[in-house]
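Only one structure is covered here, and it is reproduced in the block below.
The values are calculated or read from the model by the stated rules, or taken from the named source; none is laboratory data. Keep in mind that this is a model prediction, so the values were computed, not measured. Quick reminder, even Gly has a Cβ in these numbers, built from the backbone with ideal geometry, and neighbours come from all protein chains shown. What goes into the accessible areas is simple: the full protein's heavy atoms, side chains included, and nothing from ligands, DNA or RNA. Shrake-Rupley method; radii C 1.70, N 1.55, O 1.52, S 1.80 Å.
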Amino acid sequence: TTNLPDNLQEFRAVWGETDGIETAGRYGASLRSDFNVAPHVSVYGLGSWRRDTFAGISRQFDEGVGLSWHAVAGKPHELDLEGGVGLLQRLDTQATQDDFSTGRAGMRYKYSFTDKSYFEGRGSYVVNLEESEDSQGDAALAIVAPISGGLPMKIGYDVAYRNRPLPGLEKTDTTFSAGIQFSN
């Protein structure tokens, strides 16, 4: 184990159109840095941006810090459990601004078939510490396998949940996706 930080940058976009009308649009970007402090423990800092007008979110920024326990750290299995605190700033599609402190629980499981093909499941649940009934969760399942020249194909299933959505919106939104993943 080294004390060098592990960094993750991610950008995601889901867009769909039916008969010339946008029917899906979920966009997000995140930056996370982990710093190992013990053989199975790291501290992390993260920041993210999200836009999902179909879930009532014009823009959302989330910043946080926390601890991650690497419960299983050897291949082919990896399992991380984490908890932390943060700040969330959300502008909904009805122009209501909401800023609050958060508590966060998360997990990540990865099974490596080979060095470049794997199954991964990750999820997090964020609770508004000022109004606990306002919470949201995200989960993502993916299978990744190389197809050509180091470019992997990714097939994924995402679930987004919001305990208290805007009036007229569903609590749960799911997306099935397939595409090319750019990574190093």
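Structural remarks
- Summing +1 for each Lys or Arg and -1 for each Asp or Glu among the other residues whose beta-carbon sits under 10 angstrom from that of residue 98 gives -4.
- Treating r as the C-beta distance of residue 13 and residue 72 and R0 as 35 Å, the FRET efficiency rounds to 0.65.
- Between the exposed loop cleavage positions of the chain, defined as chymotrypsin sites (Phe, Trp or Tyr not before Pro) in a non-H, G, I, E, B DSSP state with at most 14 neighbouring beta-carbon atoms within 10 angstrom, the longest gap is 1-112.
- In the context of the full set of protein chains, residues of the chain present 59 Å² of accessible surface per residue (probe radius 1.4 Å, heavy atoms only).
- Applying both filters, DSSP loop and at most 14 other Cβ atoms within 10 Å, to the GluC sites (Glu not before Pro) of the stretch 89-176 gives 130, 131, 133, 170.
- Phi-derived couplings, Karplus 6.51 cos²θ - 1.76 cosθ + 1.60 at θ = phi - 60°, listed residue by residue for the stretch 7-12: 10, 9, 10, 9, 10, 10 Hz, with x used for Gly and Pro.
- Other residues with beta-carbon under 13 Å from the beta-carbon of residue 64 carry, at +1 per Lys or Arg and -1 per Asp or Glu, a net charge of -2.
- Across 70, 40, the residue with the most accessible area heads the list, and the full order at a 1.4 Å probe is 40, 70.
- Rolling a 1.4 Å probe over the protein heavy atoms of the chain, with every protein chain left in place, gives an accessible area that is 59 percent carbon and sulfur.
- Phi-based couplings in Hz for the stretch 23-39 (Karplus 6.51, -1.76, 1.60; Gly and Pro marked x): 10, 8, x, 10, 10, x, 9, 8, 9, 9, 10, 10, 10, 5, 10, 7, x
- In plain terms, the chain from residue 135 to residue 40 could stretch by 31.3 nm, reckoned as 0.36 nm per residue minus the Cα-Cα distance.
- Unit charges at the beta carbon, dipole of the chain: most positive-side option, 7, 56, 86: 7
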